[in-house]
Each structure stands twice: as structure tokens, then as C-alpha cells.
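S.K.: Have a look at this one.
The values are calculated or read from the model by the stated rules, or taken from the named source; none is laboratory data. The shown structure was predicted, so the numbers you read here are calculated from the model rather than taken from an experiment. Cβ: placed from backbone, ideal geometry, glycine included. Neighbour counts: every protein chain shown. Side chains included, ligands, DNA and RNA excluded: accessible areas come from the protein's heavy atoms. Shrake-Rupley method; radii C 1.70, N 1.55, O 1.52, S 1.80 Å.
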Amino acid sequence: MAIDLKLLKKLTETFGPSGREDEVGKIILDRLTKKGFKPSKDVHGNIKITLGNSGNKILITAHMDEIGIVVNYIDEKGFLKISPIGGVYNEALFGSRILFANGKWGAIFSQTTNPKIKTDFNSLFVDIGAKNKEDAQKQVPIGTFGVFHREMVNLGDNIMAKALDDRVGVYILLKTIDNLKSKKMTNRVTFGFTVQEEFSTLGARALAHSIDPKVAIAVDVTASDDIREKLYLNMTLGNGPTIKIMDSSLISHPKLKNFFIDTAKKEKIKHQLEVLPFGGTDAGAMSLVKNGIPAIGVSIPARYVHTPSEMVNKKDIEGAINLLTTVLTKKDIGDLV
Ligand code: CO
Ligand code: ZN
């Protein structure tokens, strides 16, 4: 099945830093409603639908939010000082364009040429072309959220875009829902589109708490190390979706890990094993809720994560949809744990 580039483009280019996910949520709500589902939205903005009405409760999530910035100060000349929302990769910011929640634009630069401190958030400022402080305050008030806007580009085998972390996960969930729509479900699977993963994992925690699933799965991106080869990571673009062994927030439940690997092998789905010595996902957050929820992650290897030019491989996306469609219909995963 070819990638629906139109949908992925729309998802990645839509504005949605942590805490401001409504525009992304609207795309998801509209699509699911058009397909005949009755999606619901909670007080934080999490969106969910459930397929199947018997068997154990399974929760599978992808986060809607992306990293961003917030305006925290405006100087006399009308330049904005900003703070990061989530793990912003400072080195990638020079000359970047900020798109603010109200549609205004700005360019990021540094007040210093000292290479040691010029990418420090204290030295960075945003120029919105304002006349002075008053003008800037009118255009982009303190507290306005922004993102590092870029267009998605189709590179052939690969795709480059902002916010592939984690709109590619959102895309994978939507396509998996399409695949499962007419299938007989052995589990009660709730698909959750979460808020604030990049900030506090509030969305996934609240959702896991309210659903209290037997098993939780998060679909997200992971690092790949196939260019520089100095971090000694196994993940490579094009070698398939990754089954998470662990990251710094989660040790995937061994029974789930084995089941995912066995299923991928049996169904001849090309996959990779993921050990990520840094970073975490909603899977780690959900695993700590209630009495502890057995959890696992399925990830898409990505280059340049948390920059406006994240890059993923189309085959890995297709593989993830295939793996999840298979795993969620094979048997009641909840009976494994
Ligand atoms: Co991220
Ligand atoms: Zn992510």
C-alpha cells in the first residue's frame, strides 16, 4: 500500500506544539467521523476511539504534539525572547522560521557571534519585523506559542518534514484503524491520540489512567544512527519498524516484546530491535500508571529528530502499519500478560 502523502503532509504541516494540539486534533476528529466512528475528546484534548467489544482492553497511542517555543519576553527594539517547549535542538535553529499560533512569522537568530554560546536560548531571539516593543507586543504577545514550520518534501524512498515526531505515528494509527475497521477484533483496542508527550506526557498518563488497559503500546519515532555511526545504535532507515527493547523511560514487557518479535518473524515483516540509551515515549509514561501497565513501543527510525527536517523511510511506515494490524488481530494480547 502506497503512502498517502497528502494526509501525511497535512498532518506534519499542521500547527501543534505541546498544549496547543487542537488543529491536529481537528484533522483526526474529521477523518474518523467521516469514516463512521464516534471519536471522543477529553478535557486535555486527547482523542480516542475503540474497536472491538470483547476481550482485554488494549491502549495504543501516538502523540499529536510537536516541540515548539513560547514567547517569554520582548525587548525595547521589538525582538522576542523565547523558551523551548520540549527538547528543542538549539543547534538547528539559526535562520529557522517560527510560525506562531496566530499566523504571524518570525526568524531566529543570535545576539552573539561567540560560537560557544550563540545557540544558547538566552542568546537566541526572534525577529518578527516589528517597529518596536509596543508593535511586537501587539503582534505576538507574551505567552504566544510557536513551531518551527517547514513543508513536507517527498524524497523518493524517504520523506522529510517537521513534526514527523510524532505525526508519522498519528498517520500509522489512522491507517491501522482503516485496516481493522472491517476485521473481527479479539481485543478491545482503544486508539489514543495524545497531547503533551514532548512536555510532560500528561495526555498519555491521563488516558491510560481512565482506560486502565491490560497492555499499552506507543507508536513514535526513534533515533537512527546510519549516517554518523558514532552512537552505535542499531536503528537504520529502511530496515523496518523497530520493536522497542528499551529506552530511558521503559523496559518493554518481556512477554510483549517476545510476542511482537515472534509475530514479525512468522509473518515475515522486516523489523529491527530498538535499544535507545536516551529519550522516552508515551509507552514509558503509561507503564507507570495505576498498578503498572505492561507496555511496549513500536517506532519509526528517524534522522535529525527534533529538527525541522526530520527524515523517515516509507517502507518503515508501511511495515509498522502491517505489524500493528497483524499484532492487534492475531490474538488477545492482554492474555499474554
Ligand atoms: Co519527540
Ligand atoms: Zn515523539
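S.K.: When Lys131 is evaluated against the numbered criteria (1) in a loop (DSSP other than H, G, I, E, B); (2) touching a Gly at 6+ places or on another chain (Cβ under 7 Å); (3) open to solvent by less than 60 Å² (accessible area, probe 1.4 Å), which criterion, by number, is the only one it fails?
M.R.: (3)
S.K.: Got a sec? Which of Ile217, Ile211, Ile269 is more than 16 Å from ligand 2 (Cβ to nearest atom), of a type in the set (A, V, I, L, M) and touching a strand residue (DSSP E or B) at 6+ places or on another chain (Cβ under 8 Å)? Spell out how you get there, then give the answer.
M.R.: Details: Ile217 fails: more than 16 Å from ligand 2 (Cβ to nearest atom); Ile269 fails: touching a strand residue (DSSP E or B) at 6+ places or on another chain (Cβ under 8 Å).
Selected residue: Ile211, the only one of Ile217, Ile211, Ile269 that is more than 16 Å from ligand 2 (Cβ to nearest atom), of a type in the set (A, V, I, L, M) and touching a strand residue (DSSP E or B) at 6+ places or on another chain (Cβ under 8 Å).
S.K.: Against the condition more than 16 Å from ligand 1 (Cβ to nearest atom) and under 23 Å from Lys257 (Cα atoms), how does Val215 come out, does it pass?
M.R.: Working: more than 16 Å from ligand 1 (Cβ to nearest atom): yes; under 23 Å from Lys257 (Cα atoms): yes.
Taking the combined requirement at face value, the residue satisfies it.
S.K.: Output the residues belonging to the stretch 186-202 that are in a loop (DSSP other than H, G, I, E, B) and either under 12 Å from Ala216 (Cβ atoms) or within 15 Å of ligand 1 (Cβ to nearest atom) (or both).
M.R.: Selection gives Val195, Gln196, Glu197, Glu198, Phe199, Ser200, Thr201.
S.K.: Scan the stretch 38-51 and report the pairs whose first residue is in the same structural domain as Ser200 (by TED's automatic domain parsing) and over 19 Å from Thr201 (Cα atoms) and whose second residue is aliphatic (A, V, I, L, M) and in a loop (DSSP other than H, G, I, E, B), with Cβ atoms within less than 9 Å and a gap of 6+ or a chain change.
M.R.: Leu51/Met185
S.K.: Moving on to the next point. For the stretch 229-282, give me each residue that is of a type in the set (D, E, K, R) and open to solvent by 30 Å² or more (accessible area, probe 1.4 Å). Full working, then the answer.
M.R.: Taking the stretch 229-282 as the starting set, the residues that turn out to be of a type in the set (D, E, K, R) are 229-230, 244, 247, 255, 257, 262, 265-268, 270, 274, 282.
Scanning the stretch 229-282 gives Glu229, Lys230, Lys255, Lys257, Asp262, Lys265, Lys266, Glu267, Lys268, Lys270.
To keep it simple, each residue is scored yes or no on (1) open to solvent by 10 Å² or more (accessible area, probe 1.4 Å); (2) in a loop (DSSP other than H, G, I, E, B).
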{"position": "Thr61", "(1), (2)": "no, no"}
{"position": "Tyr73", "(1), (2)": "yes, no"}
{"position": "Lys77", "(1), (2)": "yes, yes"}
{"position": "Lys81", "(1), (2)": "yes, no"}
{"position": "Pro84", "(1), (2)": "yes, no"}
{"position": "Val88", "(1), (2)": "yes, yes"}
{"position": "Gly95", "(1), (2)": "yes, yes"}
{"position": "Leu99", "(1), (2)": "yes, no"}
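S.K.: Moving to a separate point now. Somewhere in the stretch 158-181, is a residue among the hydrophobic types (A, V, I, L, M, F, W, C) and at pLDDT below 95?
M.R.: First, the residues of the stretch 158-181 that are among the hydrophobic types (A, V, I, L, M, F, W, C): 159-161, 163-164, 168, 170, 172-174, 177, 180.
If we keep only those that are at pLDDT below 95 too, we end up with none.
Looking for residues that are among the hydrophobic types (A, V, I, L, M, F, W, C) and at pLDDT below 95, one finds none in the stretch 158-181, hence no.
S.K.: Another one. Confirm whether Leu164 is touching a strand residue (DSSP E or B) at 6+ places or on another chain (Cβ under 8 Å), open to solvent by 40 Å² or more (accessible area, probe 1.4 Å) and within 19 Å of Gly238 (Cα to Cα).
M.R.: Working: touching a strand residue (DSSP E or B) at 6+ places or on another chain (Cβ under 8 Å): yes; open to solvent by 40 Å² or more (accessible area, probe 1.4 Å): no; within 19 Å of Gly238 (Cα to Cα): yes.
Taking the combined requirement at face value, the residue does not satisfy it.
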